[in-house]
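Enquirer: Attaching a single structure in structure tokens format; questions to follow.
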Amino acid sequence: MKKKLLLLTLMVGSYVGFNSFIDGSAGNGYDHTGAETSMGNSAGCGSSGSSCHNGSASPAIDLEIKVDSIGLYKTTYVAGKTYKITVRAVNQAHFGLKKFGFQAGVIKDSFSSPVPVNAGIIQTSNLDTGVSYYAGSANYRVNLVEAYTPLRAILDTNGGPGAVYESYFYWTAPVAKTGKVSIWVALAAVNNNNVQDAGDQWTTKHIVLQENRDNTAVNDLSSSLHVSAYPNPVASQLNILFSNVAAGSYNVGIHDLTGKVISTDVANVSGASATYALDAATWAPGVYIAVIEKDGARQSIQVIKN
């Protein structure tokens, strides 16, 4: 197996690092984000037992992590809401770093752990070009998003100073009262010479998101409303099941991961339990968010269309 690549590791609640497998660490059974301090998964490029890029992080790879909600960058999250996570790095000094790679995940709290807990739901399909989802496995516990092939720099495609390395994915925040989560990133920019050497440059960074409980109080209905969706994945008809709810009218909206409204309906519930059917036959394959609202409160469900 050829080794070489830069892995951008985005973790909520852990350090992020990377191995230099050209087709991604997670795809080869490794989590080098730093989120978990057990099972032989170490953070950063300088891990023992694995081939690496430059042995130390480069201060000239300027990395930032942006959490976006309708064009506004966030330092807090609201339970159940979906956010676009953008990872962007700028090459400040190096030459010939034409490509990059990344690995990403989300866990609770702001620190690494021998038994990290995943937080929220990471986009699993229809990701950015060259990016795949990997569920936790026997070798690592964290659900990961990573580049499975080297991604190309933009602006300066020759990889000199000013080159930008950028990718993104969507993340649905966890349930209310989860508390703080953190996003950790490791990104490597590489010269793509199929040799892991000192010419490749990498860096790491993390941010912490606090839970916005003021909004959570009115947006989360989990204590009074139990809503589920089936079948999920769905092919033609999606059923919204209401359990232990108050009678009344519930707004049911379907959104894609860009926030675009696909459909809106009103479910009139007359008893404590009810099922409302939605026609999903015309939806394009992908990931959607079903949003159920009543009297200013909201609950969100991720739905996959086959």
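Enquirer: Please list, ordered by first then second residue, the pairs with beta carbon atoms under 7 Å, 6 or more apart or interchain, first in the range 252-272 and touching a residue at least 60 places away in the same chain (Cβ under 8 Å) and on the phi > 0 side of the Ramachandran plot, second surrounded by fewer than 17 Cβ atoms within 10 Å (Cβ to Cβ) and not hydroxyl-bearing (S, T, Y).
Expert: G259/I70
Enquirer: When you go through (1) more than 13 Å from the chain's Cα centre (by Cα); (2) at pLDDT 85 or above one by one for S132, which number turns out not to apply?
Expert: The one condition S132 does not meet is (1).
Enquirer: Of everything in the range 144-177, what is assigned to a loop (DSSP other than H, G, I, E, B), at pLDDT 90 or above and more than 19 Å from Y133 (Cα to Cα)? Give them in sequence order.
Expert: The answer is A153, N158, G159, G160, P161, G162, A163.
Enquirer: Within the range 88-106, is there a residue that is among the small types (G, A, S), touching a strand residue (DSSP E or B) at 6+ places or on another chain (Cβ under 7 Å) and assigned to a loop (DSSP other than H, G, I, E, B)?
Expert: No, that holds for no residue.
Enquirer: Search the range 120-175 for residues being closer than 29 Å to V303 by Cβ and among the charged types (D, E, K, R), and hand back the single one that is surrounded by the most Cβ atoms within 10 Å (Cβ to Cβ).
Expert: This residue is E146.
Enquirer: State which residue is farthest from the chain's Cα centre (by Cα) when the search covers only the range 75-87 and only residues that are over 19 Å from T204 (Cβ atoms) and not in a loop (DSSP other than H, G, I, E, B).
Expert: If we take residues in the range 75-87 being over 19 Å from T204 (Cβ atoms) and not in a loop (DSSP other than H, G, I, E, B), then T76 is farthest from the chain's Cα centre (by Cα).
Enquirer: Which one of I292, I301, I262 is hydrophobic (A, V, I, L, M, F, W, C), under 30 Å from F102 (Cα atoms) and modelled with pLDDT of 80 or more?
Expert: I301
The values are calculated or read from the model by the stated rules, or taken from the named source; none is laboratory data. Every value quoted in this text rests on a predicted model; they were computed, and no experiment measured them. When we count neighbours, we look across all protein chains shown, and the Cβ atoms used for this are built from the backbone with ideal geometry, even at glycine.
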